[in-house]
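Here's the structure we're looking at; comments come further down.
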Amino acid sequence: MRGGPGFFIVAVLLGSAAAASAGDSAFPFGTELMLDAARLPGGKRIPMIEIDDNGTATIDLWCVSVRGSATVGDSALTIVAADPPAPPPQCTPARQAADQDLLTALSQVTAWRGRGEVVELVGPTTLRFRRMTN
């Protein structure tokens, strides 16, 4: 047999890698994506974003949550968020500023790429999110 059993194993491994890579080519609609960041002092929240296949976006920031819309292409992405509501009284000025910084970064996103459990939103600032798998 030409190639032998070693060839077969290599072919299976390469096929599996190609399938995993192909799985990264579809945007994870309807999946909660958690910002790859440490918690801020005085808070338990970590920002999350979820984009449904109809383009509806739910964005949980450090202090507040906002709705928005997203347009997703093969590798292109734009996000438009509604104005955030007034923050709750316990939200510190530093966390309010972090909310605004994150909203600004999200509004400047132009592309996305998947890398396993990580989804990177690319713009002037690359934001790394992890897929919630619970």
Task: Linear extension gain, residue 101 paired with residue 71, 0.36 nm per residue minus alpha-carbon span - done: 8.7 nm
Task: Cα-projected label distance for residue 128 with residue 31, points at 7 Å along beta-carbon direction, nm - done: 1.6 nm
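None of the figures in this text is laboratory data; all of them are computed from the coordinates on show. It should be emphasised that the depicted structure is a prediction, and the values quoted were computed from it without experimental measurement. Neighbour counts run over all protein chains shown; Cβ positions are idealised from the backbone, glycine included.
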